[in-house]
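What follows is a set of notes on a single structure, which appears directly below.
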Amino acid sequence: MANENHGSPREETPLMIHSPGTSSQSQPTSPKPVRLVQDLPDELIQAGWEKCWSKRENRPYYFNRFTNQSLWEMPVLGQHDVISDPLGLNAAPVPTEGAVVEPPMDSKPRKRRLSEELPASGNSLKKPRIDNVPGTPSVQAIPSSPSIPVTPIFKNWGLSPEDKQLAAFLRPTEVYWDLDIQTNAVIKQRGPLDVLPPHPDVELLRSQLILKLRQHYRELCQQREGIEPPRESFNRWMLERKVMDKGTDPLLPSNCQPIVSPSMFREIMNDIPIRLSRIKYREEAKRLLFKYAEAAKRLIESRSASPDSRKVVKWNVEDTFSWLRRDHLATKEDYMDRLEHLRKQCGPHMTAVAKDSVEGICSKIYHISCEYVKRIREKHLAILKENNIPEEVETPEIQDRLVYCYPVRLSIPSPPTPTVEIHLENNIACLRYKGEMVKMSRNYFSKLWYLYRYSCIDDSGFEKFLPRVWCLLRRYQVMFGVGLYEGTGLQGALPVHVFETLHKLFGVSFECFASPLNCYFKQYCSAFSDTDGYFGSRGPCLDFYPVSGSFEANPPFCEELMDAMVTHFETLLENSKEPLSFIVFIPEWRDPPTPALIQMEQSKFKRQQLVLPAFDHEYRSGSQHVCKKEEMYYKAVHNTAILFLQNDPGFTKWQPTPERLQELTTAYKHSGRTHGASGSTTPSSSGTTDKEKDKEQETTQEEGSSRDVAPV
């Protein structure tokens, strides 16, 4: 119904409804009227429903201002599927006293087809002035924080709906996202993916095997090289392997060439003979120089090195010891210069003697991963077989047309999921399956609820919501690692003020590297199609091929992934004649510079470039879904380069003018520590003292890579 027909529910015209026992919802023009004035329950009003008057039909109806639904009969919470029954023709009527309501012939909610999820080519994709580029889609906006019907859901979860705390649990108190923003990303219509659906039993097995693999990696580094595994090196190994992996597992690699990972090899070699930490004081620098010389001597004597290599290393080590004994007035800078000289002289010789051993570590870890992938897949296929679900499903024919991007769909039906328990601890939601617990804050639990409500099409009753949330959290938990602050830098996000400015000035409505946990928009690319697709993911960025749109890209700081990202973006810009723009945020590593940074700076699509100084801007923590509010933001320990890659139509539409660049830079000055997304403030110092900088360096080392080995 048109909005102009919406009358005020407070009009004094007598409201007329028809008796549920004699009415026919399929023939709304000939009801049997009964004069009755009904007041809506508070639960319906909070869910967005209001009673309106239809001038055309001369009768009342019910309109939801959140979802734009229109119903003839009073809605019943939890029994109306917007997609399968958009007009509410099958909505259960509200019985009056003594009335008997016959149940429908088939009360099972109808599954939504892919064609129903995609925008229609005739109505929802309007042509703007530029040919062949769809305009604003007519998609229902999901509000970011309205009240919603939760009573049936809590009953399904085994919780008491009478508890007011539970009823309020799905209403976020602080919002670090905007799920109302519609996408301008246009893609060619694509079919469902041939990917196995997630299952708690499979995810539990995968997590156990990955923890074992991490332990194998630690033991190999200790036994063969006498070092602890470089921090985050295992996480970056998984990222680097998945760039080239053609295997079946979403997390563990099983089909890569070359077998020896360049990322893992490089990071282990950088920590031989010892790991070089960040230096602040003179005595630390002196102690580090002595330890490095001693470890270099021990390494060259314990390996089968050539006589020349032994001679060079021993001579430089003895010269260093002699210098340490006689020079007692050396400064911190003198010690660091001497350490750098020793590394240059001895480094090539130590690399030569350790090369075969380090390659053996990389190869061993990869082959163990391949064995684990086989075990995981066997477990997955056994579950599908138990439920008579075929491994391969015939995919539907896909039309060659442009559509607005939509979440990835899986071609293989999801098997029944086991029960996942949930309980609340203050503002934390705790989900438990077979003794394994995952946690997240109530705000982010609410966020996943809304993303799932918007994106999922095969679970209208939310029966699989908790198992899928458990699988999602478990997946990211094992990918992050188990160490303090580990993995959070790889999932860091831009501050809320920056996202707001990007959308306002450059039309950004899509994140190329995000997750359901840290995304700002409801449309984004993420690492995992199987677990994240139910929550709005468009799949991995390297498998996403937009024709038009404005995108933000803040990739994990893995060099191989950043290289592949730049190549992918340049290919998309080269092939598209429609407005296409990528705003890329990467660390400005200059010693030596990363290939990705060099490639973008020399690209013909580069329009502008900004550099944000270290400790002068912030990121949102990758563990924002579980961390404390005061740990939500952290200072960047390195410069950040912002590069605008645009084709000619994209440059015309979203030109990075000096005024816009200045406003973007200003947005970074709004500290997330003092400005919450919901407008709340927390006591904090606006300045950053030297002591605070030292603390930032200690707590944000995880976001560095193998490049952060040189002391500063």
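The values are calculated or read from the model by the stated rules, or taken from the named source; none is laboratory data. Because the structure is predicted, anything quoted here is derived from the model rather than measured. In this analysis, Cβ positions are derived from the backbone assuming ideal geometry, glycine residues included, and neighbour counts consider all displayed protein chains. Please note that ligands, DNA and RNA were not included when accessible areas were found on the heavy atoms of the full protein model with its side chains. Shrake-Rupley method; radii C 1.70, N 1.55, O 1.52, S 1.80 Å.
Laid out as a table, the results:
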{"read-out": "Region 200-387 - charge dipole about Cα centre, Lys and Arg +1 at Cβ, Asp and Glu -1, debye rounded to 20", "value": "140 debye"}
{"read-out": "Residues whose placed amide H lies under 5 Å from that of Leu193, excluding near-sequence neighbours", "value": "Arg409, Leu410, Ser411"}
{"read-out": "Given charges at beta-carbon only (K, R positive; D, E negative), |dipole| of region 347-492 in Debye", "value": "440 debye"}
{"read-out": "Projected area averaged over orientations for region 238-381, convex hull of C-alpha atoms, nm²", "value": "10.7 nm²"}
{"read-out": "Burial order of peptide ranges 545-555, 298-308 (average beta-carbon count within 10 Å, highest first)", "value": "545-555, 298-308"}
{"read-out": "Furthest towards positive pole of dipole, Ser304, Met350, Thr320, structure part region 294-360, Cβ charges", "value": "Ser304"}
{"read-out": "Derived scalar couplings ³J(HN,Hα) [region 262-274; Karplus, 6.51 cos²θ - 1.76 cosθ + 1.60; whole Hz; x for Gly, Pro]", "value": "x, 5, 5, 4, 5, 6, 5, 5, 5, 9, 9, x, 9"}
{"read-out": "Order by protection proxy (mean Cβ within 10 Å, highest first), peptides 500-510, 564-574", "value": "500-510, 564-574"}
{"read-out": "Magnitude of the charge dipole, region 421-670, Cβ model with Lys/Arg +1 and Asp/Glu -1, debye to 20", "value": "640 debye"}
{"read-out": "Carbon + sulfur, % of accessible area of region 442-578 - ligands and nucleic acids excluded, 1.4 Å", "value": "51 percent"}
{"read-out": "Built amide H within the under 5 Å cut-off of Ser54, gap 5+", "value": "Arg59, Tyr61"}
{"read-out": "For region 173-232 versus region 417-494, the gap between their alpha-carbon centres in whole angstrom", "value": "13 Å"}
{"read-out": "DSSP bridge orientation in region 505-609 - percent antiparallel, rounded to nearest 5", "value": "10 percent"}
{"read-out": "Flagged links, alpha-carbon separation over 26 Å, of Lys246/Lys385; Lys212/Lys522; Lys188/Lys439; Lys297/Lys332; Lys280/Lys628; Lys242/Lys364", "value": "Lys212/Lys522; Lys188/Lys439; Lys280/Lys628"}
{"read-out": "Most to least packed among 357-363, 520-526, 329-335 [average Cβ atoms within 10 Å]", "value": "520-526, 357-363, 329-335"}
{"read-out": "For Val508, distant residues with modelled amide H under 5 Å away", "value": "His503"}
{"read-out": "Centre separation in Å (Cα based) which lies between region 610-667 and region 338-369", "value": "36 Å"}
{"read-out": "For region 409-418, Karplus couplings with θ = phi - 60° (6.51, -1.76, 1.60), whole Hz, Gly/Pro x", "value": "10, 9, 6, 8, x, 7, x, x, 9, x"}
{"read-out": "Radius 15 Å from Cβ of Lys385, net charge of other residues (Lys, Arg +1; Asp, Glu -1)", "value": "-3"}
{"read-out": "Computed log₁₀ I(q)/I(0) - Debye formula, equal Cα scatterers, no solvent, region 332-462, q 0.15, 0.19 Å⁻¹", "value": "-1.02, -1.29"}
{"read-out": "³J(HN,Hα) computed for each position of region 295-309 - Karplus, 6.51 cos²θ - 1.76 cosθ + 1.60, integer Hz, glycine/proline x", "value": "5, 5, 5, 5, 5, 5, 7, 8, 10, 7, 9, 6, x, 5, 5"}
